[in-house]
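Only one structure is covered here, and it is reproduced in the block below.
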2 protein chains.
Amino acid sequence: MTTMPQPSREQLDISRVLEALSNPIRQRVVAQLATTTDFRFTCGELLPDLPKSTATHHWRMLRDSGVVGVERNGREFRAGLRRDDLDARFPGLLDAVLAAVAPLTVG
Amino acid sequence: MTTMPQPSREQLDISRVLEALSNPIRQRVVAQLATTTDFRFTCGELLPDLPKSTATHHWRMLRDSGVVGVERNGREFRAGLRRDDLDARFPGLLDAVLAAVAPLTVG
């Protein structure tokens, strides 16, 4: 199991985090990931109905901004919300956004 | 004195608000406006060093999203943060962003 490259907690940037959170599709992914503390959901099941290039774009925004971490296990990629890092750097931000958006329904 | 067209409190959309807040220049405008409760600053003095088309773009993002209100008095445009509306719709969001950004220095 490998954690995909991601910014450290100290590297998190408020502008990139807000940009990642500003898209409705990404908001629903984040809301869904907020329902668990482990890396339960595969990237495929979180965005199953999108063209691959679109899904890749959204994962890149989420991962490069540091909002979401991704763990690879062979061919399987599972995502998790970096809640502790976000709460440490930007207290209250994630909760404020989550209160305003509805989660995806997965599986 | 005329208030320029803007979305109502009920029309505020989390995605558009986050997008407006995701830009460092707009963040600094918002942080500067957060230092006062009245429409003290003119649009010109808040973004004095930008090409007019760039400044217009930023004001449009701020106003169309509902983050900032603009009052017109003849040729003078003054901006104010819509803090009450933002706090009512997205509690904690503005404070979380403001804690992470530094204000402009105006005048």
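The values are calculated or read from the model by the stated rules, or taken from the named source; none is laboratory data. Just so it is clear, the structure is predicted and the values come from calculations on it, not from any experiment. For neighbour counting, all protein chains shown are included, and Cβ atoms are generated from backbone atoms with ideal geometry for every residue, glycine included. Note: accessible area is taken over every heavy atom of the protein model, side chains too, but ligands, DNA and RNA are not part of it. Shrake-Rupley method; radii C 1.70, N 1.55, O 1.52, S 1.80 Å.
Mind listing just one residue for me: the one in segment A:56-81 that is of a type in the set (A, V, I, L, M) and part of a helix (DSSP H, G or I) and, of those, surrounded by the most Cβ atoms within 10 Å (Cβ to Cβ)?
Taking the candidates together, the pick is A:LEU62.
Name the residue, out of B:PRO48, B:PRO91, that is outside any helix (DSSP H, G or I) and under 21 Å from B:ASP13 (Cβ atoms).
Exactly one residue qualifies, and that residue is B:PRO91.
Has segment A:16-36 got any residue that is more than 20 Å from B:PHE90 (Cβ to Cβ) and charged (D, E, K, R)?
Checked against the condition, which is being more than 20 Å from B:PHE90 (Cβ to Cβ) and charged (D, E, K, R), segment A:16-36 yields no hits at all.
Look at B:LEU104 and say whether it is modelled with pLDDT under 95 and open to solvent by less than 20 Å² (accessible area, probe 1.4 Å).
no
Is it the case that some residue within segment B:34-45 is in contact (Cβ under 8 Å) with a residue 60 or more places away in the chain and part of a helix (DSSP H, G or I)?
Within segment B:34-45, one or more residues are in contact (Cβ under 8 Å) with a residue 60 or more places away in the chain and part of a helix (DSSP H, G or I).
Among the residues of segment B:46-55, is any in contact with a Lys or Arg (Cβ under 7 Å, 6 or more places away or on another chain), more than 13 Å from chain A (Cβ to nearest Cβ) and either surrounded by 14 or more Cβ atoms within 10 Å (Cβ to Cβ) or within 23 Å of A:ARG16 (Cβ to Cβ) (or both)?
No, segment B:46-55 contains no residue that is in contact with a Lys or Arg (Cβ under 7 Å, 6 or more places away or on another chain), more than 13 Å from chain A (Cβ to nearest Cβ) and either surrounded by 14 or more Cβ atoms within 10 Å (Cβ to Cβ) or within 23 Å of A:ARG16 (Cβ to Cβ) (or both).
Mind checking which residues of segment B:1-24 are part of a helix (DSSP H, G or I) and surrounded by 17 or more Cβ atoms within 10 Å (Cβ to Cβ)? Working first, answer last.
Residues of segment B:1-24 that are part of a helix (DSSP H, G or I), as a first pass: B:9-11, B:14-21, B:24.
Correct list: B:ILE14, B:SER15, B:ARG16, B:VAL17, B:LEU18, B:GLU19, B:ALA20, B:LEU21.
So A:LEU12 fits all but one of (1) out of contact with any Asp or Glu (no Cβ under 7 Å at 6 or more places or on another chain); (2) closer than 28 Å to B:ARG89 by Cα; what number is the exception?
Here A:LEU12 clears every test but (1).
For segment A:67-92, which residues satisfy the criterion of being within 13 Å of chain B (Cβ to nearest Cβ) and either closer than 16 Å to A:ASN23 by Cβ or at pLDDT below 95 (or both)?
Across segment A:67-92, the qualifying residue is only A:VAL67.
What's the number of the only condition in (1) touching a Phe, Trp or Tyr at 6+ places or on another chain (Cβ under 9 Å); (2) open to solvent by 20 Å² or more (accessible area, probe 1.4 Å); (3) of a type in the set (Val, Ile, Thr) that A:THR37 fails to meet?
A:THR37 satisfies all of (1) touching a Phe, Trp or Tyr at 6+ places or on another chain (Cβ under 9 Å); (2) open to solvent by 20 Å² or more (accessible area, probe 1.4 Å); (3) of a type in the set (Val, Ile, Thr) except (1).
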